[in-house]
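Below: one structure, written as structure tokens.
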Amino acid sequence: MSLFRDMDLYKGIILLSLLLIPGALGFVFWVQGELQAAQAAVAVAERPRTGEIEKIGALQRQFETVDQNAASVRTSGGSPAVYFQNQITTSSKGTIGANDYEVSPEKTSAVPGRRDAQDQLVSINFRKGLVLPRALIHALVFNCESAGVQVWKLRRLRVSNVEIAKLRNQAPPQTVADDWEIGTLEFARRKPAAQR
């Protein structure tokens, strides 16, 4: 075995490299096969209408629709009265009780100049003498218009300052207290008209 007797570091590296080259080539061949299989799977998944990615996207859209419908039911309680009660409770942080207001049943109103649409109207009637700060009224209107999935827009709001209302025909002072009474609060949402 004169081959191994004269072995030094450089000869050992060369011998080891010659032995490892077939193993490295086999590994490269195996990786190439796996890469081709992955590319084929990606091509199958990306096919229009029948690919897995398209199916996953369709299922995701269905789940989003179900989630939106569930959120709608949770937020509205299925009726405008429950929706507005939730928004009033949230806005007032519990300072306005359930006995302080009444939500009218939803009424249908025709839209002037349009036959294809109708407005659904809901009035909120607050008890006489209920005094609210202006910031709370703003928060209430904002939450009713923007919270949840029901689209309600302010149709009519009439408020009066309690201090000025007591003066009748006298000139009001330069500053007045931030005490307001809601006379009219009405929200509306537009829907397609019922087919006849």
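Only residues that are under 16 Å from Leu154 (Cα atoms) and surrounded by fewer than 17 Cβ atoms within 10 Å (Cβ to Cβ) were counted across the range 89-104, and they come to 1.
Search the range 170-186 for residues that are among the hydroxyl-bearing types (Ser, Thr, Tyr) and pair each with any residue that is part of a strand (DSSP E or B) when their beta-carbon atoms are under 8 Å apart and the residues are at least 6 apart or on different chains. Listed by first residue and then by second, the contacts come to Thr184/Ser123; Thr184/Arg156; Thr184/Leu157; Thr184/Arg158. Only residues that are touching a residue at least 60 places away in the same chain (Cβ under 8 Å) and open to solvent by 60 Å² or more (accessible area, probe 1.4 Å) were counted across the range 149-169, and they come to 1.
Go through the residues of the range 92-109 one by one and say whether even a single one is farther than 22 Å from Leu140 by Cβ and outside any helix (DSSP H, G or I). Within the range 92-109, one or more residues are farther than 22 Å from Leu140 by Cβ and outside any helix (DSSP H, G or I).
Every residue, every condition in (1) at pLDDT 85 or above; (2) surrounded by 12 or more Cβ atoms within 10 Å (Cβ to Cβ); (3) within 30 Å of Ala193 (Cα to Cα), yes or no:
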| position | (1), (2), (3) |
| --- | --- |
| Trp30 | yes, no, no |
| Ala40 | yes, no, no |
| Gln60 | yes, no, no |
| Ser72 | no, yes, yes |
| Pro80 | no, yes, yes |
| Arg115 | no, no, yes |
| Val122 | yes, yes, yes |
| Leu130 | yes, yes, no |
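Within the range 144-183, being outside any helix (DSSP H, G or I), farther than 19 Å from Arg127 by Cα and not aliphatic (A, V, I, L, M) holds for Gly148, Gln150, Trp152, Lys153, Arg155, Arg168, Asn169, Gln170, Pro172, Pro173, Gln174, Thr175.
Within this structure, Ile137 fails the test of being in contact with a helix residue (DSSP H, G or I) (Cβ under 6 Å, 6 or more places away or on another chain) and either in a strand (DSSP E or B) or touching a residue at least 24 places away in the same chain (Cβ under 8 Å) (or both).
The values are calculated or read from the model by the stated rules, or taken from the named source; none is laboratory data. All values derive from a computational prediction rather than experimental measurement. Virtual Cβ from ideal backbone geometry, glycine too; neighbours counted across all protein chains shown. Ligands, DNA and RNA are excluded from the accessible area calculation, which covers all protein heavy atoms including side chains. Shrake-Rupley method; radii C 1.70, N 1.55, O 1.52, S 1.80 Å.
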